[in-house]
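Following: one structure in structure tokens, then a few remarks.
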Amino acid sequence: MKLLKIYLDFDGTVVEHAYPEIGALNPRSIAVIRQLQNAGHRIILNTYRADLADGSLQAALDFLNDINNELLPITECTELKIQPPAWNWEKTLEEGILYIDDVCDGTPMIPNIALPFGLMVDWKTLEEWFTEQGII
């Protein structure tokens, strides 16, 4: 198994969009991130919150690193949001870089749960793909 550098978005990916607040937790997101960490993949927070000097980036890191989530500490983040390329599994495996982001064309999506509109990343489908590919 090739270890991946994973650029992880926050709003619309780990939680529903609610900026500047923290939205409702996206089901399976924490569990799958934990599996990725346990498999040795490097998780780097890549969020538009990094573009702002309003404390929202720290709020996202605090949320991810809450002891109840049982994640390994996520301390790396991009200085500014890197715009993710379209989902391309072959390129991901070749380059060892994965973007998990709701704005990444081709990422599997599901309807929001708490919000009556919008979409968020489908972690159940991602978990199935990662398992099939031997990533987790």
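Quick one: in the range 1-10, which of the residues that are outside any loop (DSSP other than H, G, I, E, B) and surrounded by fewer than 22 Cβ atoms within 10 Å (Cβ to Cβ) is nearest to the chain's Cα centre (by Cα)?
So in the range 1-10, the residues outside any loop (DSSP other than H, G, I, E, B) come out as 5-8.
With the extra rule that they be surrounded by fewer than 22 Cβ atoms within 10 Å (Cβ to Cβ), the set shrinks to 5-6.
Values: Lys5: 12, Ile6: 8 Å.
Among them, the one singled out is Ile6.
Name every residue in the range 23-51 that is part of a loop (DSSP other than H, G, I, E, B) and within 13 Å of Thr78 (Cβ to Cβ), in order of residue number.
Restricting attention to the range 23-51, the residues satisfying the condition of being part of a loop (DSSP other than H, G, I, E, B) are 23-24, 26-28, 39-41, 46-47.
Passing the criteria: Asn46, Thr47.
Test each condition in (1) at pLDDT 95 or above; (2) in contact with a helix residue (DSSP H, G or I) (Cβ under 6 Å, 6 or more places away or on another chain) for Pro20 and report the one that comes out false.
Looking at each condition in turn, Pro20 falls short on (1).
Among (1) surrounded by fewer than 13 Cβ atoms within 10 Å (Cβ to Cβ); (2) among the hydroxyl-bearing types (Ser, Thr, Tyr); (3) in contact with a Lys or Arg (Cβ under 6 Å, 6 or more places away or on another chain), which single condition is Tyr48 missing?
Every condition holds for Tyr48 apart from (1).
What are the residues in the range 17-43 that are touching a Phe, Trp or Tyr at 6+ places or on another chain (Cβ under 6 Å), aliphatic (A, V, I, L, M) and closer than 17 Å to Leu126 by Cβ, if any?
Matches in the range 17-43: Val32 only.
For the range 96-127, name all the residues that are without any contact (Cβ under 8 Å) to a residue 60 or more places away in the chain and over 22 Å from Ala50 (Cβ atoms).
Selection gives Gly106, Pro108, Met109, Ile110, Pro111, Pro116, Phe117, Asp122, Thr125.
Residues are listed down the side, and each one gets a yes or a no for (1) in a helix (DSSP H, G or I); (2) in contact with an Asp or Glu (Cβ under 9 Å, 6 or more places away or on another chain):
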| site | (1), (2) |
| --- | --- |
| Lys81 | no, yes |
| Tyr99 | no, yes |
| Gly106 | no, no |
| Ile110 | no, yes |
| Ile113 | no, yes |
| Lys124 | yes, no |
| Thr131 | yes, no |
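The values are calculated or read from the model by the stated rules, or taken from the named source; none is laboratory data. Note that the structure is predicted; figures quoted are calculated from it, not measured. Positions of Cβ are generated from backbone atoms using ideal geometry, with glycine treated the same way; all protein chains shown enter the neighbour counts.
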